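Values quoted throughout were computed directly from the atomic coordinates according to the rules given, and no laboratory measurement underlies them. Treat the numbers as computed from the prediction; the structure is a model and nothing was measured. For neighbour counting, all protein chains shown are included, and Cβ atoms are generated from backbone atoms with ideal geometry for every residue, glycine included.
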């Protein structure tokens, strides 16, 4: 149950896995004076690698041109995985992030919303689960909550009318953290950048079940990781719409054949 957390920041993601019985080793992070580029993990020690490389280059909130750092740090995450050779990895980022390609690993893309994890904030998080076994991860959405609150984001500390520290931390599923040595803005940024703890715990439980099972349940073919039963191929109407949207974007007809170039 030993896992490595990279790009940890204050590591809400790692805290979630610790709460579900994993033992977490934290890699270097810029806010503590470390640099993942100079980090080389041992091979065969960790069963899993988790982490969220910086997402600003891929965020829909970005206003300027991408810096290129996002792609570079995705490559660093892939390098750490290749050097550590875990059984599985779980990377968090925004939905627009490119697919992560790591030789020897099959990758499953999963989106989770705050309300699906018992959170009241309107926040969509994207995860990529990679494994050497190519066995899909099932993530049942068993807890629902009305998404009545705006997302807890890293920039909130710089805004007028920001929520107080207690309320902001509660949205991320943690008590008001002390974080000595950080300015108020840096504290909001550190907590806002983290994966909400209830969401991380939901994924950690799913991975524990995946590790304990010889064969997992069938999952929705849209990639949402919801389990399906019987002859079901999708978990619900939203999944069918997602697949139809992908077919249209790819130019595939209802018969599964791409139309000739230039045809309507």
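Odds and ends about this structure:
- Helix axis angle, 69-84 relative to the chain longest principal axis, alpha carbon, degrees: 80 degrees
- Between helix 197-212 and the chain there is an angle of about 50 degrees, using the helix long axis and the longest principal axis of the Cα atoms.
- When you count the other C-beta atoms within 10 angstrom of each residue and take the mean per peptide, 176-186, 80-90, 105-115, 133-143 line up highest first as 80-90, 105-115, 133-143, 176-186.
- Distance histogram for the chain (every C-alpha pair counted, 5 angstrom bins, percent rounded to whole numbers): 1, 5, 12, 16, 19, 17, 13, 9, 5, 2, 1, 0, 0
- Sequence-distant contacts, meaning Cα pairs under 8 Å at least 6 residues apart, place the relative contact order of the chain at 16 percent.
- For the stretch 74-125, the equivalent ellipsoid derived from the Cα gyration tensor has semi-axes of 26, 11, 9 Å, listed largest first.
- Taking 144, 234 and counting other C-beta atoms within 10 Å, the order from fewest to most: 144, 234
- The order of 231, 158, going from fewest to most other C-beta atoms within 10 Å of their C-beta, is 231, 158.
- Fraction of antiparallel bridges per DSSP, the chain only, in percent to nearest 5: 50 percent
- Dividing the summed -39500 (n - 2.57) terms of all DSSP H runs of n ≥ 4 by the residue count of the chain sets its mean residue ellipticity at 222 nm at -8000 deg cm²/dmol.
- Each part gets one Cα centre, and for the stretch 1-27 versus the stretch 158-236 those centres are 13 Å apart.
- Tilt relative to the chain, helix 237-250 - C-alpha long axis, 0 to 90 degrees, to 10: 80 degrees
- Prolate/oblate/rounded call for the stretch 1-44, Cα gyration tensor, a/c under 1.5 rounded: oblate
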